[in-house]
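Structure first, commentary second.
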Amino acid sequence: MGQRGVGWLLALPGLAVLGGVVGLPLLYALFLSLTGYSFLRPSYDWVGPARYQEAFRDPYFLHALGLTALYVAVTVGLTLVLALVLAVLLQQNLPWKGFHYFVVSLPMLIAPVGVGLIWKMILHPELGILSYLFGKVDFFGDARYALFSLALVDVWQQVSFAALVLLAGLRSLPKEPLEAAYVDGATPWQAFLRVTLPLLRPVLVVLLILQTLAEVRTYDLVYVLTRGGPGSATDLVSYYIYRKAFLGLDLSGASAMGYLLLLLTLALVAAYYRLLTRG
Amino acid sequence: MVELLGVRKRYGEVVAVDGVDLGLKEGEFFTLLGPSGCGKTTTLRLVAGFEAPDAGEVRIGGERVNALPPERRPIGMVFQNYALFPNMTVFGNVAFPLRLKGLPEREVRRKVGTLLEMVHLVGLEGRYPKELSGGQQQRVALARALAREPKVLLLDEPLSALDAKIREELRGELKRLQRETGLTTLYVTHDQEEALALSDRIAVMREGRVEHLGTPREIYEEPATPFVAAFVGTGVLVPGEAREGLFHRDRPWPVRVKGEGPGFLLLRPERLRLEEGGFLEGTVVLATYLGSLVRLEVEVGGLVLKVDLPPGRVPALGQRVRLGLPEEAPFVREER
């Protein structure tokens, strides 16, 4: 057997597991999305692309998509900016470095449901510390604040992972271009903007992809904190699809929406990838 | 133009620079030469402002610059690994310091054009560093370092990442550019040939101190210590004694030396010759073909001396030969 054959043989167990746990469910969902299957009428009647066409006409689904786009833009943007600030601060020679690392890493170590419960208490309109300090604000009960309160909790959790990734990126950058910029007369701020940030671009783009994927799939925080409410103020698309499948019992409709979301996400990743490889 | 007065720098327990005193004259090509870890790069970084001295003073153009950050010192610098900005074209790299200065774009274009002409890179303005060879990248780095019109040019082993042919070519260009611009230049290298070829003066460093400061000829022909003698050029140090103007080993050798007392006679391969009736007799143990010459190693009473010969008349291995000594040779003593 040639080297290529041995390679395939060694990869086969992994590929089989991957096919079983990822490939099969994906194929099954694709199949479902082309049928009229629901838990109330469990029959595989072939309907073709009808469920996809329905999804495009579903105002709640379109609302959830728009809301998710806003949510992703806010959370990913805020996360990257805050993470960059934290990473730059952590890179300095501050005293108590280990303690700072520990504090920054903490949110990453807590399960999302735990994070949701902690913040639910902090932001509780009657019992929460924030309401006690700043007066009564119904962070999750008022449609004006709910989405942004949810976003802030999410950013609080995501920022630690992003900061550590960016810190690793900053540490791995060659020192000389930065020193060359200083010799050329750049101030620290100019050197950061014109040398460090461009050098950090590959790390930033990878992080952008990871964060976008994570935020598009946000489900757990919505489940714990708002259940999509008040009204549909926080009805993000992943939560909406969950509701469609398991509360509406419409498995084929949810599968079609899931596939549409998958295609949208893939398009986004492709765009980011172009950004990464450009230049 | 550049002065270092009793400069010290330590990193924890390690003393990197240990009381260095140096003075570079205006327009001089000055080289810090030494093996890895001798403190030469740290000394350069102290001048650049990337490190602050623990003691002593760094002066540029008469001004004390200890507390000035690199961007406020009148310097240009070329790094070992070029340190080009990968996201900028050749033009962008060279224009970078000019744009920081706030020059109008027309002036920037004119200056970049002149600089690229100077380093023979006209036509490559639009390329990115990864599209250039090592030699071209180093030329860009040089043009960028000159763009600010610095008073002092600092070069940190700028040729060591290049292959031999390009290194030699760039060495010549560096010398030409320095002559043309008249720029005071501080050059760091571990390559003694490079130092001898380029410099007006050389400081040979060892363990954070300057072991010998002099012109290339002085360093090569009259090394101050056995370390300098062994580090610069090829040669064999023969232990013995200087007495009444002659070198003594087991008997007086017919070699005139300066000084008195114990020390080492430095015998360079180009100063020894094969000679019938020569003073020393030995056995050929190795012959190395070096293109323009053959280097012979001859064992003489427990010493292995090196002799350079023109290719052609090379004795066989194991053959007994006699060696003629130079009439005069450097004599170096242990103390620093």
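Derivation of every value follows stated rules applied to the coordinates shown; laboratory data play no part. It should be emphasised that the depicted structure is a prediction, and the values quoted were computed from it without experimental measurement. All Cβ positions, glycine included, derive from the backbone under ideal geometry; neighbour counts span all protein chains shown.
Things worth noting here:
- Note on the stretch B:208-336: antiparallel DSSP beta bridges, both residues inside, total approximately 95 percent of the bridges counted.
- Inter-part distance where the stretch B:17-95 and the stretch A:205-279 are each reduced to a Cα centre, Å: 53
- In this Cβ point-charge picture (+1 for Lys and Arg, -1 for Asp and Glu), the stretch B:2-221 has a dipole of about 780 debye about its Cα centre.
- The protein assembly as shown: C-alpha pair distances exceeding 32 Å, %: 66
- Peptide B:138-146 - average C-beta neighbours from other chains (10 Å radius): 1
- Straightening the chain between B:Arg217 and B:Glu275 buys 18.2 nm, computed as 0.36 nm per residue apart minus the Cα-Cα spacing.
- Shown for chain A is the translational diffusion coefficient from the Stokes-Einstein equation, using the Kirkwood radius over Cα pairs, a temperature of 25 °C and a viscosity of 0.890 mPa s: 112 µm²/s.
- Inter-chain Cβ neighbour count for B:95-105, averaged per residue, equals 3 (cutoff 10 Å, partner chain atoms only).
- Taking B:Glu194, B:Glu334, B:Glu180 and counting other C-beta atoms within 10 Å, the order from fewest to most: B:Glu180, B:Glu334, B:Glu194
- Here r is the Cβ-Cβ distance between A:Leu197 and B:Val285 and R0 is 60 Å; the resulting FRET efficiency, rounded to 0.05, is 0.50.
- Entry note, chain B: relative contact order of 16 percent, from Cα contacts under 8 Å with a spacing of 6+ residues.
- Crossing angle, helix B:105-118 versus chain B [Cα axis fit, 0-90 degrees, rounded to tens]: 20
- Among A:Ser160, A:Ser38, A:Ser105, B:Ser36, a tally of other beta-carbon atoms within 10 Å of each Cβ gives an order, fewest to most, of B:Ser36, A:Ser105, A:Ser38, A:Ser160.
- Using C-alpha pairs below 8 Å separated by at least 6 residues, the relative contact order for the stretch B:234-333 is 33 percent.
- The orientation-averaged projection of the convex hull spanning the C-alpha atoms of chain B amounts to 20.6 square nanometres.
- Partners for B:Lys40 among lysines (Cα-Cα distance below 28 Å; same-chain residues under 8 apart left out): A:Lys175, B:Lys9, B:Lys25, B:Lys151, B:Lys165, B:Lys175
- In percent, rounded to a whole number, the relative contact order of chain A is 28, using alpha-carbon pairs under 8 Å and six or more apart.
- Between A:Ala168 and B:Ala67, the simple label model (points 7 Å from Cα in the Cβ direction) yields a spacing of 4.2 nm.
- Efficiency of FRET between A:Val103 and A:Ala69 - r from beta-carbon atoms, R0 30 angstrom, step 0.05: 0.40
- If you take the Cα centroid of the stretch B:223-286 and the Cα centroid of the stretch A:83-142, the two points sit 76 Å apart.
- Principal-axis tilt of helix A:251-277 within chain A, Cα atoms, nearest 10 degrees: 30
- Test item: A:168-179 mean partner chain Cβ contacts at 10 Å: 3
- Mean Cβ neighbour count within 10 Å, used as a protection proxy, ranking B:128-138, B:265-275 highest first: B:265-275, B:128-138
- Shown here for the stretch B:1-90: GluC sites (Glu not before Pro) in loop regions (DSSP other than H, G, I, E, B) with at most 11 other Cβ atoms within 10 Å, namely B:Glu13.
- Antiparallel content of DSSP bridges confined to the protein assembly as shown, in %, to 5: 75
- For chain B, the longest principal axis of the alpha carbon atoms and the long axis of helix B:134-147 meet at an angle near 60°.
- Between the beta carbons of A:Arg57 and A:Tyr273, assuming R0 = 30 Å, the FRET efficiency works out to 0.45 to the nearest 0.05.
- Cα Rg, Dmax (largest Cα-Cα span) when computed across the stretch A:11-71, Å: 15.9, 45
- Antiparallel %, DSSP beta bridges [both residues in the stretch B:2-221], to 5: 55
- Cα convex hull, the stretch B:219-314: 107 Å³ per residue, rounded to a whole number.
- Sorted by Cβ density within 10 Å, fewest first, the residues B:Thr288, B:Thr89, A:Thr187, B:Thr42: B:Thr288, A:Thr187, B:Thr89, B:Thr42
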